[in-house]
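S.K.: Before I ask anything, here is the structure I am working with.
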Amino acid sequence: MFPERGADEEDVLEELRKKTSEDLTFDSGRILGSMCTYPHPFAVKVVTEFIDRNLGDPGLHVGSRKVEEEAIEMLSNLLGLEKGYGHIVSGGTEANILAVRAFRNLADVEKPELILPKSAHFSFIKAGEMLGVKLVWAELNNDYTVNVRDIEEKITENTVGIVGIAGTTGLGVVDDIPALSDLALDYGLPLHVDAAFGGFVIPFAKELGYEVPDFDFRLKGVKSVTIDPHKMGMVPIPAGGIIFREKRFLEAISVPAPYLAGGKVWQATITGTRPGANALAVWAMIKHLGFEGYKGVVKKAMELSRWFARELKKIPGVYLIREPVLNIVSFGTPNLEEVEEELKRRGWGISAHRGYIRIVMMPHVKREHLEAFLGDLREAVRN
Ligand code: 0PR
């Protein structure tokens with residue numbers, strides 16, 4: 001019911017705290033299956049200070065628009081491109097939708113089709129439905145990377161683009177993007193790389209000596225990349241990223257918004273009014289942590305994931321779905337559903353996929369949390 005009269009802030013807050021007390025929080029260490037984390041305190045500070053900025057009307061917030069452009073430029077650099085074109089958006093879903101939209105609009109095909117791995121995130125289902133693009137699902141290899149030959153066989157005159165994934169949602173697997181890039185170039189098709197998760201992991205993991213395939217704009221067939229600062233970038237939700245290699249992709253999805261303060265304004269994003277504060281926080285976090293700072297975050301996460309994978313293997317009956325590539329470890333157990341139920345009953349925030357449990361070593365996940373989890377897992381499996 002809409003209240004007739006207002007209440008004191010303290011009373012309202014108290015009620016809110018009570019209502020949300022059932023939520024799991026990141027700082028409790030119980031959330032092990034999420035790709036989000038407690039945002040970096042500096043990013044929170046930035047969002048608070050600039051909370052009123054609206055990038056939907058860049059003519060009003062001219063400075064913020066420039067900062068967004070600089071954030072896109074820095075992300076492009078991280079991904080091997082001197083200058084890219086894109087936006088800080090609401091998340092990986094919007095970023096993926098924008099990429100599919102650009103590919104479709106540029107292709108001029110009556111019955112557009114997009115070829116994507118069976119491991120692709122469900123955001124592509126939304127994209128396909130909204131954009132009238134038929135999704136053609138490609139098979140996976142035994143190691144859960146996409147089968148490049150199957151993608152090639154599925155190319156038709158209606159194909160508007162190909163998708164590869166750098167850090168799959170379930171297993172953190174990185175597809176053979178170099179091979180996909182070659183294929184895309186051979187057929188004159190654009191390749192979109194969904195690095196929503198991996199974008200803030202792979203560049204640093206590579207530098208640390210982990211063997212991960214190339215995945216970014218250094219490969220000429222890659223025309224767009226999704227990279228989400230609200231995952232491993234530690235920026236508050238919402239902060240996704242979409243970057244295109246060339247301006248024409250962005251232009252293909254831009255619509256005029258002629259009455260806005262900036263005069264001749266074009267909008268490419270799905271959202272109109274959209275948070276400037278989060279884009280500023282992306283910029284600020286990159287400036288604050290730098291490559292070395294993020295490398296340190298990724299180092300801890302990667303080491304923890306390797307340790308956790310080794311520990312899991314010591315539990316009778318528990319098996320890895322595959323050796324981890326990034327900081328995601330997924331495993332199966334006997335009586336999986338019962339084990340999942342028991343772990344959830346014991347207060348663990350895990351992500352139960354079909355056939356396995358996914359643990360994501362986000363910055364809030366510490367070794368002591370995982371040790372406690374392993375103890376509970378051992379008991380849950382035994383029962
Ligand atoms: N692409 C990939 C590869 C993803 O893993 C995700 C989200 C997306 C795109 C879409 O990103 P947005 O959710 O930002 O639109 N992957 C996570 C997942 O499905 C999202 C998530 C995050 C789920 C936190 C749960 C959670 O607690 O696992």
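Any read-out appearing in this document is the output of simple, stated calculations on the displayed coordinates, not a laboratory observation. This is a predicted model, so every value here is computed, not measured. Because the Cβ atoms are built from the backbone with ideal geometry, glycine has one as well, and the counts that use them run over all protein chains shown.
S.K.: Quick one: among Arg104, Arg310, Arg53, which has the greatest mean-square fluctuation in a GNM of the chain with alpha-carbon springs under 10 angstrom?
M.R.: Between Arg104, Arg310, Arg53, it is Arg310 that shows the largest mean-square fluctuation.
S.K.: Could you tell me the relative contact order of segment 240-330? Use alpha-carbon pairs under 8 Å, at least six residues apart, and round to a whole percent.
M.R.: So the answer I get is 14 percent.
S.K.: Using the crude model of +1 on Lys and Arg Cβ and -1 on Asp and Glu Cβ, and no other charge, please compute the dipole size for the chain relative to its Cα centre, in debye to 20.
M.R.: With only Lys, Arg, Asp and Glu charged at Cβ, the dipole is about 440 debye.
S.K.: Please give every one of the lysines within straight-line cross-link reach of Lys154, meaning a C-alpha to C-alpha distance under 29 Å, and leave out same-chain neighbours fewer than 8 residues apart.
M.R.: The qualifying lysines are Lys111, Lys118, Lys126, Lys134, Lys220, Lys223, Lys247.
S.K.: Which length gain, in nm to one decimal place, applies between Asp52 and Asp182 when the Cα-Cα distance is subtracted from 0.36 nm times their residue separation? Before the final figure, lay out each step's value.
M.R.: Details: separation 130, 0.36 × 130 = 46.80 nm, distance 4.44 nm.
Between Asp52 and Asp182, full extension yields 42.4 nm more.
S.K.: Moving to a separate point now. Among Ala184, Ser90, Ala71, whose Cα projects farthest towards the positive end of the dipole of segment 53-185, with charges put on the beta-carbon of Lys, Arg (+1) and Asp, Glu (-1)?
M.R.: Value: Ser90.
S.K.: Take Arg346 and Glu10, extend 7 Å from each Cα along the Cα→Cβ direction, and tell me the distance between the two endpoints in nm.
M.R.: 4.1
S.K.: Calculate, for Glu22 and Thr156, the FRET efficiency according to 1/(1 + (r/R0)^6) with r their C-beta to C-beta distance and R0 41 Å; round to the nearest 0.05.
M.R.: For R0 = 41 Å, the calculated efficiency reads 0.25.
S.K.: Moving on to the next point. With r as the distance between the Cβ atoms of Tyr38 and Arg306 and R0 = 22 Å, compute the FRET efficiency 1/(1 + (r/R0)^6) and round to 0.05.
M.R.: My answer for the efficiency is 0.45.
S.K.: Among all the aspartates and glutamates, which ones have a C-alpha under 16 Å from Lys231's C-alpha, if same-chain residues fewer than 8 places away are not counted?
M.R.: Asp27, Glu94, Asp194
S.K.: Calculate how many DSSP beta bridges within segment 102-165 are antiparallel, expressed in % of all such bridges and rounded to the nearest 5.
M.R.: Roughly 10 percent of the DSSP beta bridges within segment 102-165 come out antiparallel.
S.K.: Looking at the chain, what % of its DSSP beta bridges pair antiparallel, to the nearest 5? Let's see the in-between values first.
M.R.: Working: 22 of 39 bridges.
So the antiparallel bridges in the chain amount to around 55 percent.
S.K.: Which of the peptides 124-137, 192-205 is most tightly packed, and how do the rest follow, going by the mean number of other Cβ atoms within 10 Å of each residue?
M.R.: Going by the mean number of other Cβ atoms within 10 Å, highest first, we get 192-205, 124-137.
S.K.: Any idea what the relative contact order of the chain is, in percent, if you count C-alpha pairs under 8 Å spaced at least 6 apart?
M.R.: It rounds to 23 percent for the chain.
S.K.: Please find, in a Gaussian network model of the chain (springs between Cα atoms separated by less than 10 Å), the residue of Lys19, Lys66, Lys299 whose mean-square fluctuation is greatest.
M.R.: Lys19
S.K.: Using 0.36 nm times the number of residues separating Lys111 and Val255, minus their current alpha carbon distance, what extension gain do you get?
M.R.: 49.6 nm
S.K.: Out of all DSSP beta bridges with both ends in segment 61-184, state the antiparallel percent to the nearest 5.
M.R.: Working: 2 of 10 bridges.
The antiparallel fraction comes to roughly 20 percent.
S.K.: If you put +1 on each Lys and Arg Cβ and -1 on each Asp and Glu Cβ, how big is the dipole of segment 299-380 around its Cα centre, in Debye rounded to 20?
M.R.: 400
S.K.: Moving on to the next point. Go through Met302, Ala380, Ser28 and say which Cα lies farthest out towards the positive end of the charge dipole of the chain; charges sit on Cβ, +1 for Lys and Arg, -1 for Asp and Glu.
M.R.: Ranked along the dipole, the leading option is Met302.
S.K.: Let me ask something additional. Would you look at the GNM of the chain, springs on alpha carbons closer than 10 Å, and say which of Ser254, Ser224, Ser76 moves the most?
M.R.: Ser254
S.K.: Only helices at least 20 Å long along their own axis, judged from Cα atoms, and with Kyte-Doolittle mean hydropathy of -0.5 or greater: name those in the chain from DSSP H.
M.R.: Those that pass (Cα extent of 20 Å or more, hydropathy at least -0.5) are 62-78, 92-107, 276-313.
S.K.: Still on this model: How big is the gap, in Å, between the Cα center of segment 230-250 and the Cα center of segment 295-324?
M.R.: 28
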